[in-house]
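K.L.:
Handing you this structure, nothing more for now.
The values are calculated or read from the model by the stated rules, or taken from the named source; none is laboratory data. What you see is a predicted model, and the numbers here were worked out from it, not measured in a lab. Neighbour counts are summed over all protein chains in view; Cβ atoms, including those assigned to glycine, are modelled from backbone coordinates with ideal geometry. We work out accessible area using only protein heavy atoms, side chains counted, and drop any ligands, DNA or RNA first. Shrake-Rupley method; radii C 1.70, N 1.55, O 1.52, S 1.80 Å.
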Amino acid sequence: MAIGDAVRMEDYKDNHAATIRRVPVAFEGPLPRPTRSLEQVKIDLDQAGYAILTDVLTADEVREARQVLVDEIAREEAIDENRVRRFFTDPDDKNRRLSRLPNRHHWFRDFLEHPVALHLTKHILGPTLLNEGYLVHSYGANLTRPGSGEQFIHLDRGMDFRDQQKPLQSRFIWCLDPFEEANGATRVVPGSHRWNDRIDMTGGTYYESLAAEAPAGSLIIYSDMLLHGTGANTSQDRERAGVIVGYCPPWCRPMINFPLVLDPTVMAGTSRTLRQLLGYSSVSIGFDEQWDSASDELRALCVPATMDY
Ligand SMILES: O=C(O)CCC(=O)C(=O)O
Ligand SMILES: [Fe+2]
């Protein structure tokens with residue numbers, strides 16, 4: 001299946017046909033455990049390449065945000081199921097994916113500019129030239145459903161670079177359900193953030209992994225250096241909702257061209273930080289490339305590129 005100009009699922013599967021090599025988990029250090037400590041998160045990120053920060057959302061907040069998510073999925077399904085299924089890397093039709101999140105509800109705008117996510121993005125990506133703000137690289141929800149298979153273990157980037165020393169994306173999964181092995185908790189390969197010289201994403205290699213189990217309301221934090229993937233949901237009746245966001249430096253090309261995707265009337269009331277994150281700035285690495293062809297409405301949404309967080 002192809003939507004618009006997307007890769008055809010059939011072509012993609014051909015690239016990932018036969019497994020000829022299995023790579024076991026080989027991590028010596030202590031595995032990250034759910035923690036409330038940001039200091040521990042930084043230690044875990046350094047040592048294992050991922051971390052689990054608990055109690056970022058209250059139980060009420062989780063319930064509210066989850067309800068919005070399932071309502072939005074149902075709304076899209078009523079129009080056409082294909083709008084929320086068959087994400088091109090998912091192994092079957094069972095999971096539900098939702099995009100264009102900032103249009104949908106303040107919860108999905110609030111996640112993006114949550115101070116913890118911004119703080120950890122600064123920590124993971126480091127300073128930027130002229131202190132320009134980071135950009136949201138990618139953003140969507142993934143709801144695993146009973147019987148859904150596992151996604152292949154991958155890096156959240158286009159290719160294996162072999163000599164990349166530092167992350168180009170900070171990645172976060174907002175857990176709107178308890179993430180447990182049985183309901184498809186994200187699987188991770190601890191320590192693989194240091195395997196950059198040998199990761200094979202061309203197919204043929206199967207990476208063994210373990211489930212990053214996390215209570216509802218947690219943030220799973222990782223980067224584009226870490227091997228991971230959605231787990232299989234082997235439960236009878238439990239879904240697993242995650243909202244996944246990646247941030248990149250301001251000179252990288254985000255996966256989504258938000259100003260062309262989002263509703264300008266929704267964006268009109270939002271903060272400077274949110275608009276920066278979503279690319280509503282004509283400045284990049286100090287150069288101002290005026291948005292002459294944009295509508296007045298879009299141009300009015302532009303903000304300075306300098307971070308004030
Ligand atoms: O939902 C998950 O557990 C992870 C999904 C993922 O890694 C992806 O779609 O790139
Ligand atoms: Fe991923």
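K.L.:
Name the single residue, out of those in region 206-251 being among the aliphatic types (A, V, I, L, M), under 15 Å from L176 (Cβ atoms) and touching a Leu at 6+ places or on another chain (Cβ under 7 Å), that is nearest to ligand 2 (Cβ to nearest atom).
P.N.:
V245
K.L.:
For R97, indicate whether it is under 19 Å from M255 (Cβ atoms) and open to solvent by less than 60 Å² (accessible area, probe 1.4 Å).
P.N.:
When the stated conditions are applied, R97 passes them.
K.L.:
Keeping to region 58-98, report how many residues are assigned to a loop (DSSP other than H, G, I, E, B) and farther than 14 Å from G242 by Cβ.
P.N.:
Result for region 58-98: 11.
K.L.:
Kindly evaluate G269 against the criterion of being touching a residue at least 60 places away in the same chain (Cβ under 8 Å), of a type outside the set (S, T, Y) and either surrounded by 16 or more Cβ atoms within 10 Å (Cβ to Cβ) or part of a loop (DSSP other than H, G, I, E, B) (or both).
P.N.:
no
K.L.:
Out of region 222-238, which residues are within 14 Å of ligand 1 (Cβ to nearest atom) and either farther than 20 Å from I199 by Cα or outside any strand (DSSP E or B) (or both)? Quick ask: steps written out before the conclusion?
P.N.:
First pass over region 222-238, keeping only residues within 14 Å of ligand 1 (Cβ to nearest atom): 222-233.
Correct list: D224, M225, L226, L227, T230, G231, A232, N233.
K.L.:
Mind listing whichever residues of region 182-203 are charged (D, E, K, R) and surrounded by fewer than 18 Cβ atoms within 10 Å (Cβ to Cβ)?
P.N.:
If the condition is that a residue be charged (D, E, K, R) and surrounded by fewer than 18 Cβ atoms within 10 Å (Cβ to Cβ), then R194, D197, R198, D200 are the ones that fit.
K.L.:
Just to be sure before I move on: is P254 open to solvent by less than 40 Å² (accessible area, probe 1.4 Å), in contact (Cβ under 8 Å) with a residue 24 or more places away in the chain and away from ligand 1 (no atom under 16 Å from the Cβ) in the structure I sent?
P.N.:
Judged against the criteria, P254 is not a match.
K.L.:
Take the residues of region 1-39 that are modelled with pLDDT under 70 and part of a helix (DSSP H, G or I): which is nearest to R83 (Cα to Cα)?
P.N.:
Per the stated criteria, the residue is M9.
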